[in-house]
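Worksheet: the structure to be examined is printed underneath.
The values are calculated or read from the model by the stated rules, or taken from the named source; none is laboratory data. Keep in mind the model is a prediction, meaning the values are calculated, not measured. Positions of Cβ are backbone-derived with ideal geometry, glycine not excepted, and every protein chain shown enters the neighbour counts.
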Number of protein chains: 2
Amino acid sequence: MNDSPDFDGLKCPIPLRDYPRITLGHGGGGQLSSELVEHLFLPAFHNPYLENLGDSAVLPIAGKRLAFSTDSFVVRPLFFPGGSIGDLAVNGTVNDLAMSGAKPLYLSAGFIIEEGFEIQQLVAICNQMSQAAKKAGISIVTGDTKVIEKGHGDGCFINTSGIGIIPDGINIGPANARPDDVILISGTIADHGMAIMSVREGLEFETTIESDSAALNSLVEYMLKVNTDIHVLRDPTRGGVASSLNEIATSSKVGIVLQELSIPVTPSVQSACEFLGMDPLHVANEGKLIAIVSSETAELLLEMMKKHPLGKDSAIIGTVTSDHSGRVVEKTAIGASRVVTPQIGEQLPRIC
Amino acid sequence: MNDSPDFDGLKCPIPLRDYPRITLGHGGGGQLSSELVEHLFLPAFHNPYLENLGDSAVLPIAGKRLAFSTDSFVVRPLFFPGGSIGDLAVNGTVNDLAMSGAKPLYLSAGFIIEEGFEIQQLVAICNQMSQAAKKAGISIVTGDTKVIEKGHGDGCFINTSGIGIIPDGINIGPANARPDDVILISGTIADHGMAIMSVREGLEFETTIESDSAALNSLVEYMLKVNTDIHVLRDPTRGGVASSLNEIATSSKVGIVLQELSIPVTPSVQSACEFLGMDPLHVANEGKLIAIVSSETAELLLEMMKKHPLGKDSAIIGTVTSDHSGRVVEKTAIGASRVVTPQIGEQLPRIC
């Protein structure tokens, strides 16, 4: 019996041009988002920095490598168990910078606020941004506020952009995974997405599911002290672990094999996902990272990651292979293989 | 007869805490915007870079001074005579960087798009961003797209953030105006605001009023070649020349005297302003700069600015004084004096 999955017919049959209008799926961080980038943004803005497609651009400045990243936040509701749009906006951009190995330094904050929004809510959001910035050790140094008429927006949207410096000797990027590398995750997956889902849909599970929203730069700095030879780092936000690993497999021209039983998921998130028919691999995280490193260094790095507060549930979840380039395959609990596709459209709009 | 205006009773009697909700005026770039910054954002995020309150933050990086700026664009309509949200989003942030004397290098682009938005419009916007970036000599190096449900946004909002390097020996900032300095403007004022106003309200004037949307970095670079001793640069966008000069007067603790007859305004903008009862000093510009320089260097700088395509209508419009600190006074055509107040709230929502 051949347990290798059949890859025929997996190509998305609908190119960008067949969508005359933007759909929610174009913002989902999955296949449709990628198509928008590939067929619209890259051709329009083409330059080597953009084409790298990392979580942040890596730029030469004054003899150093600067990391530069941007993210807009439209999460609904604005406040949820474990976080708010405020700390998400800070942590999200800090994490994008950290995923290039950079030490994040400065953030901008651009607010688009709907007329009639309560000032007290804005104060609460700003205080949470401030606390998150303090915790991450970065400063919010410049900002902008626009107000739009009632009914033309939705409360409060926030853009943060950030800059950091990549230390010499670090070379982390989505195209750097090599066959026989080992894939680690820094903790349980799908917490953020299920936290949002449970409050938005008014679902009650046995325990409250909290977002994992956290700034990962201290964990990355700590990991780089153990081993500077980290090949890939990625925070699996929109589209979840599945979309991130598919992007890495494509960028690095390698295959990826996951071990289902090794992937950490809390029991409450697991039952919530089962109840809602969702695959935890497709659900967003906001305080977890995927690291891909050489097999020789993986065990030591895992051991050390477990000693960091943000990495205590770290696990080795898979390996990189020269087979099935561009594809992610999961070995399931019952010993079968299944292809893990990137999310196509939008599983859960406005998750971040 | 004493022609000096009476400054009593000019203080805004309504502090932030008396507004329980965000009004359109909080996004107008005038007094209410300043109060939001002063009473909410500064206390929440306080740090020395932010408190400088320039168009961009000036940051130490790798032994150089980096300029970092952010701006969100919510202009309505998206396309207007002389420009679109696309070139505005590029030029606006390029200009914020240039106003610190920086050479702009890299831009990020964050899109918040409403479900149902036509892809062809997005293509047109991106092409205009790309052309504007090319013209300004900068690269769009990183981006992000979020999609919000139909009815929760308004077509397309764009945030751009930018970084640039400030050459050594340049020291430009809003607090650097000194008594006896001379104030220059790089061309006619109020074009952008009246262009938006005329299309939005369906008004027809004798000639089409076009936005002045342009990237000013080449003009600034050229001016700095003539004279590195420029004290203040500011692009008078939301809130117009009046709000910019009031901010400078406050930051520099000086008074400002404008000569009404010296301020360049095209006849069609002048009649449109009269027709609508608007003061050109309060109307937004998107391709003009205010420069404040020592009286010894002003005439030569003016002469040279007139030779640059973006400065051909440059003029000296006023002087800095040690009198009436924090206030701007205009000597009118009939020889009287009037206080030029910053805009209080919102003259024209969603101008940029």
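Condition check ((1) away from chain B (no Cβ under 14 Å); (2) closer than 25 Å to residue A:86 by Cβ; (3) surrounded by fewer than 17 Cβ atoms within 10 Å (Cβ to Cβ); (4) not hydrophobic (A, V, I, L, M, F, W, C)) across all residues:
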{"residue": "A:143", "(1), (2), (3), (4)": "no, yes, no, yes"}
{"residue": "A:152", "(1), (2), (3), (4)": "no, yes, no, yes"}
{"residue": "A:178", "(1), (2), (3), (4)": "yes, no, yes, yes"}
{"residue": "A:197", "(1), (2), (3), (4)": "yes, yes, no, no"}
{"residue": "A:202", "(1), (2), (3), (4)": "yes, yes, yes, yes"}
{"residue": "A:225", "(1), (2), (3), (4)": "yes, no, yes, yes"}
{"residue": "A:234", "(1), (2), (3), (4)": "yes, yes, no, yes"}
Original post:
Picking from A:303, A:274, A:346, A:296, which residue would you name as being surrounded by fewer than 17 Cβ atoms within 10 Å (Cβ to Cβ) and at pLDDT below 95?
Top reply: A:274
Original post:
Any chance segment A:161-173 includes a residue that's surrounded by fewer than 21 Cβ atoms within 10 Å (Cβ to Cβ) and at the interface with chain B (Cβ under 9 Å from one of its Cβ atoms)?
Top reply: yes
Original post:
Is it fair to say residue B:325 is under 26 Å from residue B:53 (Cα atoms), over 18 Å from the mean Cα position of the chain (by Cα) and not charged (D, E, K, R)?
Top reply: yes
**OP:** Could you list, in sequence order, all residues of segment B:39-51 that are under 18 Å from residue B:96 (Cα atoms) and facing chain A (nearest Cβ under 9 Å)?
**Re:** B:49, B:50
**OP:** Check B:36, B:105, B:66, B:88 and return the single one that is facing chain A (nearest Cβ under 9 Å), in contact with a His (Cβ under 9 Å, 6 or more places away or on another chain), hydrophobic (A, V, I, L, M, F, W, C) and buried (at least 21 other Cβ atoms within 10 Å of the Cβ).
**Re:** B:36
Original post:
With (1) away from every other protein chain (no Cβ under 14 Å); (2) within 24 Å of residue A:62 (Cβ to Cβ); (3) β-branched (Val, Ile, Thr); (4) under 19 Å from the mean Cα position of the chain (by Cα) as the list, and residue B:183 as the residue in question, which single condition is left unmet?
Top reply: (2)
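Per-residue answers, yes or no, for (1) within 29 Å of residue A:115 (Cα to Cα); (2) touching a residue at least 60 places away in the same chain (Cβ under 8 Å); (3) of a type outside the set (A, V, I, L, M):
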residue	(1), (2), (3)
B:106	no, no, yes
B:115	yes, no, yes
B:121	yes, no, yes
B:124	yes, no, no
B:142	no, no, yes
B:160	yes, yes, yes
B:183	no, yes, no
B:208	no, yes, yes
B:211	yes, yes, yes
Original post:
Of all the residues that make up segment A:255-269, how many are in contact with a helix residue (DSSP H, G or I) (Cβ under 8 Å, 6 or more places away or on another chain) and within 16 Å of residue A:295 (Cα to Cα)?
Top reply: 3
**OP:** Output yes when any residue across segment B:221-238 is without any contact (Cβ under 8 Å) to a residue 24 or more places away in the chain and more than 23 Å from residue B:331 (Cα to Cα), and no when none is.
**Re:** yes
**OP:** Output the number of the condition that residue A:277 fails; it satisfies all remaining conditions of (1) touching a helix residue (DSSP H, G or I) at 6+ places or on another chain (Cβ under 9 Å); (2) within 19 Å of residue A:28 (Cα to Cα); (3) not basic (Lys, Arg).
**Re:** (1)
**OP:** Report whether or not residue B:186 is touching a helix residue (DSSP H, G or I) at 6+ places or on another chain (Cβ under 7 Å) and either buried (at least 24 other Cβ atoms within 10 Å of the Cβ) or hydrophobic (A, V, I, L, M, F, W, C) (or both).
**Re:** yes
Original post:
Within segment B:21-33, how many residues are at pLDDT 90 or above and either more than 9 Å from chain A (Cβ to nearest Cβ) or out of contact with any strand residue (DSSP E or B) (no Cβ under 6 Å at 6 or more places or on another chain) (or both)?
Top reply: 1
Subject >> Conditions (1) in contact with a Phe, Trp or Tyr (Cβ under 6 Å, 6 or more places away or on another chain); (2) at pLDDT below 95; number of the one not met by residue B:141 >> reply: (2)
**OP:** From B:284, B:315, B:272, grab the single residue that is under 17 Å from the mean Cα position of the chain (by Cα) and either aliphatic (A, V, I, L, M) or not assigned by TED's automatic domain parsing to the domain that holds residue B:99 (or both).
**Re:** B:284
Original post:
Can you tell me which of A:55, A:71 is at pLDDT 95 or above, among the acidic types (Asp, Glu) and buried (at least 22 other Cβ atoms within 10 Å of the Cβ)?
Top reply: A:71
**OP:** Check segment A:113-129 and report whether any residue there is surrounded by 20 or more Cβ atoms within 10 Å (Cβ to Cβ), under 27 Å from residue A:169 (Cα atoms) and under 21 Å from the mean Cα position of the chain (by Cα).
**Re:** no
Subject >> residue A:248 vs. criteria on the phi < 0 side of the Ramachandran plot and surrounded by fewer than 22 Cβ atoms within 10 Å (Cβ to Cβ) >> reply: no
Original post:
Scanning segment A:130-141 for residues that are out of contact with any Leu (no Cβ under 7 Å at 6 or more places or on another chain) and surrounded by 24 or more Cβ atoms within 10 Å (Cβ to Cβ), which turns out nearest to the other protein chains (Cβ to nearest Cβ)?
Top reply: A:132
**OP:** State yes or no: is residue B:192 crowded, with 18+ Cβ neighbours inside 10 Å, within 9 Å of another protein chain (Cβ to nearest Cβ) and at negative phi?
**Re:** no
